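Each value in this text was obtained by applying a stated rule to the coordinates, not by laboratory testing. This one's a predicted model, so the numbers in the text were calculated from it and none came from an experiment. When we count neighbours, we look across all protein chains shown, and the Cβ atoms used for this are built from the backbone with ideal geometry, even at glycine.
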Amino acid sequence: MASENQTGTSTLQLILAWGLVGIPLAWGVLQTLQNAMKLFQ
Amino acid sequence: MALLPFLDRSHTIAKPGFSRWMVPPAALCIHLCIGQAYAFSVFNLPMTKLIGITQSSPGDWNLPELGWIFSIAIFVLGTSAAIFGRWVEEGGPRQAMFASGLCWALGFFISAFGVYVHNLWIVYLGYGIFGGIGLGLGYISPVSTLIKWFPDRPGMATGMAIMGFGGAAFIASPLSVFLMSKFSTPTHVGVAETFICLGVIYLIFMWIGAGIVRIPAPGWKPEGYVPPVVEQKLITRNDVYVYDAIKTPQFWLIWWVLCLNVTAGIGVLGQASAMSQEMFPGKVSVVAAAGFVGLLSLFNMLGRFFWASTSDYIGRKNTYFCFFALGTLLYCLVPWTGSIGSVALFVLCFVIIMSMYGGGFATVPAYLKDMFGTRYVGAIHGWLITAWSAAGVFGPVLVNYIREYQISHGVPKAQAYNVTMYIMAGLLVIGFICNLMIKAVHERYHMKSGQDANRAQMGVGAAARPAGA
């Protein structure tokens, strides 16, 4: 759990939070696009 | 939750300086996990070979039996969102996310036990009931929080979270296949171990989201944000209590708007692979059809963000007008693309249709906020999710039964979907009319300030100072 006493959000926290969700999602989208390309081959 | 005070609503009020941009990733932590439900079908085939290993043997489960796992989960999603909606709204997002993570992970652990002892009823209880409750709680938990943090862009904010639900299968599907390949041996299918791994991963991920989430302090607004001075007819500044909202005609009109939009999309999504191969025999292979399904899922996800964000500029009602008018046109064009043999036009029609299917889900929370205010929007959204459960039955039934009827009456397979497409277009016309009938909620339904305090008891009276954006 993040500290309840913290007062500000650092850029690093933002990068970590977005990376946590963004990286797996981007990887999944890339996998799907690679498979989707077979439709046009 | 007195035992766990850090989950209370009062402990989640943001301190000054907290960035609201931390909240969408918190919401995505939940939706990227529970959206795994869309990828559950990857387990279907392996679960038919738990005894036979290489092929189904007597005593193994069959596909129709396994299909009930997903159906129960989606049904419980709708009912639990409706039943627990008010608790989610009043208790705050953290305890709802925490409970959602717990139920979702428990669902996997119980299902793993069910697979281990080969008892399907335990899997129904695990993934269907516990997982379904996790789905319902998780789906609605971040919605009103996001709307409160982004009063200037509510559509975009909820669109981001609900986009995660649409995109979760992209992660869950390859991850599940990878884990099953790691745990399977010549004498064992690794489904139970995969369920346990997924349960642990999702529990950690969802609890991280619960830890990150905050609610804005009372009176907080984004820096530089000035609420519109000119009152817009379809955007209320009042709140409507959840059980009053469901008595309004507006709620039921939006219910039908969502139900019809989803019905039109969900039936096609389930039959996309077979439809593309049957409408273009010899042109679309099995592998290409799988690619087509992936492309539809991608546009389903992207449409959630695109259309919900667009609705912030053109309005919710106009956004749904786009879905219904453009959708009707595209469904009518699909048989023509088949008759001229154009795969590219066929794909183009369906990727736009799928983007609007996803967009319908993502835009509706902001539509509810416009009509009923922000106070109980999460709980009202919970009730509205029942439209999804209903559409989950209508859509596939319509597509499957009409196709069967057509084929049994001698219609060639390539043309068996034409009538279905025209019926879908007809449903969208009805949706257009429902949307047209939506007017502002009568003021007799608006909450009074005293009523508000008595009903809500949210414990946010000791307001912290406004936090920064």
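Structure summary
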quantity	calculated
Karplus 3J(HN,Hα) series, Hz, for the range B:19-36 with 6.51 cos²θ - 1.76 cosθ + 1.60 (x for Gly, Pro)	7, 5, 6, 7, 6, x, x, 4, 5, 5, 4, 7, 5, 5, 8, 5, x, 3
Label point distance in nm, residue B:185-residue B:314, each placed 7 Å from Cα along Cα→Cβ	5.8 nm
FRET efficiency for residue B:442 and residue B:226, using Cβ-Cβ distance with R0 set to 25 Å, rounded to 0.05	0.35
Residues in the range B:291-325 that a label on residue A:34 would reach, taking backbone N under 19 Å of a point 7 Å out along Cα→Cβ	B:291-299
Point-to-point label distance, residue B:51-residue B:409, nm (Cα→Cβ direction, 7 Å offset)	4.2 nm
18 Å Cα cut-off, lysine pairs counted over chain B (separation 8 or more, or different chains)	17
Only Lys, Arg (+1) and Asp, Glu (-1) charged, at Cβ; chain B dipole about Cα centre in debye	820 debye
Chain B, relative contact order [Cα under 8 Å, separation at least 6], %	26 percent
Prolate/oblate/rounded label for chain B (Cα gyration tensor, a/c 1.5)	oblate
Theoretical ellipticity at 222 nm over chain B - DSSP helices of four or more residues, -39500 (n - 2.57) apiece, nearest 500	-23000 deg cm²/dmol
Cα centroid separation, the range B:156-174 to the range B:325-362 (Å)	22 Å
The protein assembly as shown shape via C-alpha gyration tensor axes, a/c threshold 1.5	oblate
Label point distance in nm, residue B:397-residue B:65, each placed 7 Å from Cα along Cα→Cβ	2.5 nm
Linear extension gain, residue B:119 paired with residue B:243, 0.36 nm per residue minus alpha-carbon span	40.7 nm
Farthest toward positive dipole pole in the range B:5-220 [+1 Lys/Arg, -1 Asp/Glu at C-beta], among B:29, B:202, B:62	B:29
From phi via Karplus (6.51, -1.76, 1.60), per-residue ³J(HN,Hα) for the range B:379-392 in Hz, x at Gly/Pro	5, 5, 4, x, 5, 5, 4, 4, 4, 5, 4, 5, 5, x
Residue B:376 long-range amide H proximity, modeled H, under 5 Å	B:240
Amide proton proximity set for residue B:13, modelled H, under 5 Å, gap of 5+	B:215
³J(HN,Hα), Karplus 6.51/-1.76/1.60, whole Hz, each residue of the range B:252-257, x for Gly, Pro	6, 5, 5, 4, 5, 4
